[in-house]
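Beneath this line is the structure, given in structure tokens, with notes to follow.
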Amino acid sequence: MKFIVENSESRIMTKYVKFIMEYTLLITMPEILKSPEYSVKLVFVDEIESKIYAETSWDDNNCDPKKCKIYITYIKNKKILTQKIIHEMVHVKQFFKKELVDLDENSQFIWNNNLYNIDKDEYWLLPWEIEANGYEVSIFNMLRKDYRLNQSVFKLDYAEIYANIIKVTI
């Protein structure tokens, strides 16, 4: 598995983001971490056309993706950024496991063999969003517990947060 981060504010932020990406897949899809044919590219952008924090899509074959791309806006709040990365990595898991297939036409998706049109359905009630939101909360809480990160640690800079994580790892 290859993790790529583009347009990050610093090298330490890139390390932190890659750590969060890997941590999420370690929980949701550990078997894929040793597969070199898979990759995830996370690109920081100033704005996303749909006015949301982030979005994920397949980056090669929509029916059998091995590469995904995440676009995420620059979010100053590190807690929210961490939660959004986790959320989007759940969508990566959904694409890689073929639970979610983007038909790449007219906002249609297949979720576990059921067709959905996101223009007609309530977005937040779509089953893949419900799953991503549930994992977002759970994995974030696991991260805080595993690495002893209290709420105030997310007010520190990336170097200090990453140092806290490394300190527990050693």
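The values are calculated or read from the model by the stated rules, or taken from the named source; none is laboratory data. Fair warning: this is a prediction, and the values are worked out from it, not measured in the lab. Here the Cβ positions follow ideal geometry from the backbone for every residue, glycine too, while neighbour counts run over all protein chains shown. Just so you know, the surface numbers come from the protein's heavy atoms only, side chains and all, with ligands and any DNA or RNA stripped out. Shrake-Rupley method; radii C 1.70, N 1.55, O 1.52, S 1.80 Å.
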(Q) Going by what's in this entry, would Val90 be described as out of contact with any Asp or Glu (no Cβ under 8 Å at 6 or more places or on another chain) and in contact (Cβ under 8 Å) with a residue 24 or more places away in the chain? (A) no
Q | Number of the condition not met by Tyr123 [criteria: (1) surrounded by 15 or more Cβ atoms within 10 Å (Cβ to Cβ); (2) at pLDDT below 95; (3) over 23 Å from Met13 (Cβ atoms); (4) of a type outside the set (S, T, N, Q)] | A | (1)
**Q.** Residues that are of a type outside the set (D, E, K, R) and assigned to a strand (DSSP E or B), drawn from segment 53-81
**A.** Ala54, Thr56, Ser57, Trp58, Cys68, Ile70, Tyr71, Ile72, Thr73
Q. Of the residues in segment 124-158, how many are not charged (D, E, K, R) and not in a helix (DSSP H, G or I)?
A. 5
Q: Would you please list the contacts, defined by Cβ atoms under 8 Å and residues six or more apart or on different chains, that run from a residue in segment 46-70 that is over 22 Å from Thr14 (Cβ atoms) to a residue that is at pLDDT below 90 and among the aliphatic types (A, V, I, L, M)?
A: Asn62/Leu103
Q | segment 23-43 residues that are at pLDDT 95 or above, paired with ones that are among the hydroxyl-bearing types (Ser, Thr, Tyr) (beta carbon under 6 Å, 6 or more apart) | A | Val43/Tyr71
Q) Just one of Lys98, Lys93 is out of contact with any Pro (no Cβ under 9 Å at 6 or more places or on another chain) and among the charged types (D, E, K, R); which is it? A) Lys93
(Q) Among (1) in a strand (DSSP E or B); (2) buried (at least 19 other Cβ atoms within 10 Å of the Cβ); (3) more than 13 Å from the chain's Cα centre (by Cα), there is one condition Ile110 misses while meeting the rest; what is its number? (A) (2)
Q.
Checking Glu37 against (1) out of contact with any strand residue (DSSP E or B) (no Cβ under 6 Å at 6 or more places or on another chain); (2) part of a loop (DSSP other than H, G, I, E, B); (3) open to solvent by less than 30 Å² (accessible area, probe 1.4 Å); (4) not β-branched (Val, Ile, Thr): exactly one of these is not met. Which one?
A. (3)
Q. Across segment 1-22, what is the total count of residues that are more than 10 Å from the chain's Cα centre (by Cα), assigned to a helix (DSSP H, G or I) and touching a residue at least 24 places away in the same chain (Cβ under 8 Å)?
A. 5
